[in-house]
Amino acid sequence: MSTLTSTSTAAAPAATPSGRHAGGRTRPPRRRGRIWLYLCVAAVLVLFLFPLLFLANTALKSNAEFASNPVGLVHSPHWSNFSQAWSKGNFGSYVLNSILYTAAGAGIGTFIALVMGFPVARGYIRGGKVWRAVFALVLFLPNALITQFQLLLRLHLYDNRLGYILMVGVGVGVGPLLFSGFVSSLPRELDEAAAMDGVGYWRYLFTFVLPLARPALVTCFILQAVWIWNEIILATVLLADPTKFPVTVGLYAFKGTYGNQWGLLAAATLIVAAPLVIGYLFIQRYLVNGVLGAVKG
Amino acid sequence: MASTASPFPFPHRFPVRISFFAGFAVLTVFGLVPAALVLVASFTDLRGLPGIPVNFIGIDNYRSFFSAAHLDDNLNALKNTLVFAGVSTVVQLALALGISVLLNRPLRGRAFYRSVVFMPTVLGVTVIGLVWSLMFNPSGGPAAKVLSWFGTDSAFFGDPKLALALVTFVQIWAVVGVSVIIFLAGLQSIPEELYEAASIDGASGWKRFRLVTLPLLAPSITANVLLGVVNAMQSYQLTYVLTGPSNKATQVLSLMVYVQGFGGTSGTTLSQSQGYAAAISMVQFVLVGAIVVVTMRYLRKREARL
């Protein structure tokens, strides 16, 4: 394969001209090198995959089987762990809550990135430098648990879905920075052409910029959505009524109740983890873009 | 400023301002204002229960933070925070560098390997916490099994001497993928010719790494150190899930904010001293700021030297 030719940089270049004839002599060290490489890769894979496979293995064990054989491969898969965990842990309503919080919160955050990032990047609003500084500042705010709680308490939004959504919605992170960076790649002439044709600013922003900037906006949305989906402390502090808990708090509470029934607990963990792992396949590209965009910004 | 602002093409400026300041208002009220008010709250005797009058008490909270009654606990949390942040940043950096150099080689299926390493980023602290509680389950988890082959055992997260090291390990596992992605982007921007030139000059594999790869990766290293330090100094959700809110062995400053402000249980004990908790927040904020400034200076200097 082409992979073999490009590794030749690792071998002494003087050997390559005669390499075809003396292949037997130059090959063994290279092959040994490759074996080492793949052994290292295998070690990395084990480190990252084994915990999840072990979780899946445990999730299929009944209490009795876990007690007699906690580490070994499952013998008689106990599929009912999943349905039991689902109903006992009330995960249906937790998942719905999480979906609502994540969609609404990341929606608010992405909207903020759009309506603030575009005019700042274009210089359509005065004080460009100050606003850029604000975009960076939101990354370095102090731990404000106390005042966030007090604010919602005083606004009568404590233990209220809307209150929690607003709090996670403003956790925009790198969003505005990322988006204003992207806007500079959109041609300015487009603004002028659209304005010339009598298109107003809002219509332009939502029917021209929004579709054109979709990759950047999706990245902002997904970065924030992953954060909100996994958030646990703010939810613990700002919500009191268990029917409003997101799935993270639900799972943590489940651990408190069924902490010694590992089969059930592992099944519950897997219920929460599976959508993340499956979703990951689709959103990975955006996450990587987000991380790299954030570093550049 | 005026030079960057191009002629405004649209007929009216007010729609721009309306939507801009609508977004900014939400961000301010729920994001910036609470952050700024932490400082104010830290000078008050604010409590969790609503309806109790709030008084300014000057620097009493800070005095209390450094008072004999609290000093032991606070120094312990401070020490844990610094050890946790320092060790996890350094190990994470080294490990990420190794993995990214490995995955930058033309291996079969490397896109898949990269995805696997980056995956914990989406799993979140609750799932990761439970997965590793299971792995380090003292009664019959895989780690206990391995120890039993050597005839020993351990309480893992229950062992005060080991707990912080294990939490650090899990933290590294959870976030190393982000560093790997940053390093890989850095590695791919190094032109192949430089390596060829170095080989022609007779540089061995290690020499090429030290003289070509490392200097050219300097910006990625800076980014990773900063990201790692800031993230680790403020991270406490994983600690909360793995060892609970008030475990002395793994107590870190940001988790103390939570314990002091909310008593460690779900929103029900509202009589806690939240002014004091706000003061801890500020101490931590200043500490993070100072560390970031110092590391940034050092790394910039180092980058310039290379």
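Picking from A:Ala43, A:Ala85, which residue would you name as being more than 24 Å from B:Ser100 (Cβ to Cβ) and either at pLDDT 55 or above or in contact with a Phe, Trp or Tyr (Cβ under 7 Å, 6 or more places away or on another chain) (or both)? First the steps, then the outcome.
Details: A:Ala43 fails: more than 24 Å from B:Ser100 (Cβ to Cβ).
After ruling out the rest, the residue left standing is A:Ala85.
Listed here are the residues, each with its yes/no results for (1) aliphatic (A, V, I, L, M); (2) at pLDDT below 95; (3) out of contact with any helix residue (DSSP H, G or I) (no Cβ under 8 Å at 6 or more places or on another chain).
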{"residue": "B:Leu49", "(1), (2), (3)": "yes, yes, yes"}
{"residue": "B:Asp60", "(1), (2), (3)": "no, yes, yes"}
{"residue": "B:Leu78", "(1), (2), (3)": "yes, yes, no"}
{"residue": "B:Leu95", "(1), (2), (3)": "yes, no, no"}
{"residue": "B:Leu102", "(1), (2), (3)": "yes, yes, no"}
{"residue": "B:Phe112", "(1), (2), (3)": "no, yes, yes"}
{"residue": "B:Ser115", "(1), (2), (3)": "no, yes, no"}
{"residue": "B:Thr121", "(1), (2), (3)": "no, yes, no"}
{"residue": "B:Ala143", "(1), (2), (3)": "yes, yes, no"}
*The lone exception for B:Val212 - which of (1) hydrophobic (A, V, I, L, M, F, W, C); (2) more than 26 Å from the chain's Cα centre (by Cα); (3) away from every other protein chain (no Cβ under 13 Å) it fails*: (3)
*Filter the helices (runs of 4 or more DSSP H) completely within the stretch B:1-65 down to those with at least 2 residues that are more than 28 Å from A:Val138 (Cα to Cα) and more than 7 Å from chain A (Cβ to nearest Cβ).*
B:60-65
*One residue from B:Ser133, B:Ser100 being part of a helix (DSSP H, G or I) and either under 21 Å from A:Leu39 (Cα atoms) or under 17 Å from the mean Cα position of the chain (by Cα) (or both)*: B:Ser100
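Each row is one residue, and each column tells you yes or no for (1) in contact (Cβ under 8 Å) with a residue 24 or more places away in the chain; (2) outside the structural domain of A:Val168 (by TED's automatic domain parsing); (3) assigned to a helix (DSSP H, G or I); (4) touching a helix residue (DSSP H, G or I) at 6+ places or on another chain (Cβ under 6 Å).
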| position | (1), (2), (3), (4) |
| --- | --- |
| A:Pro211 | no, no, yes, no |
| A:Pro215 | yes, no, yes, no |
| A:Thr219 | yes, no, yes, yes |
| A:Ile222 | yes, no, yes, yes |
| A:Trp227 | yes, no, yes, no |
| A:Thr243 | yes, no, yes, no |
| A:Gly250 | yes, no, yes, yes |
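Every residue, every condition in (1) over 20 Å from A:Phe111 (Cα atoms); (2) free of Cβ contacts under 8 Å to residues at least 40 places away in the same chain, yes or no:
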site: A:Ala136; (1), (2): no, no
site: A:Thr147; (1), (2): yes, yes
site: A:Leu162; (1), (2): no, yes
site: A:Leu166; (1), (2): no, no
site: A:Val174; (1), (2): no, no
*Any hit, the stretch B:248-265, residues being modelled with pLDDT under 85, among the aliphatic types (A, V, I, L, M) and outside any helix (DSSP H, G or I)*: no
*Which one of A:Ile99, A:Ile125 is closer than 30 Å to A:Val170 by Cβ and at pLDDT below 95?*
A:Ile125
*asked:* If I ask for residues that are touching a helix residue (DSSP H, G or I) at 6+ places or on another chain (Cβ under 6 Å) and in a helix (DSSP H, G or I), which ones from the stretch A:66-83 would you list?
replied: A:Phe66, A:Asn81, A:Phe82
*asked:* Given the condition buried (at least 24 other Cβ atoms within 10 Å of the Cβ) and more than 10 Å from every other protein chain (Cβ to nearest Cβ), answer yes or no: does some residue in the stretch A:136-156 qualify?
replied: no
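The values are calculated or read from the model by the stated rules, or taken from the named source; none is laboratory data. Predicted, not measured: the structure shown is a model, and the values here were computed from it. Ideal geometry is used to build each Cβ from the backbone, glycine not excepted, and the neighbour counts take in all protein chains shown.
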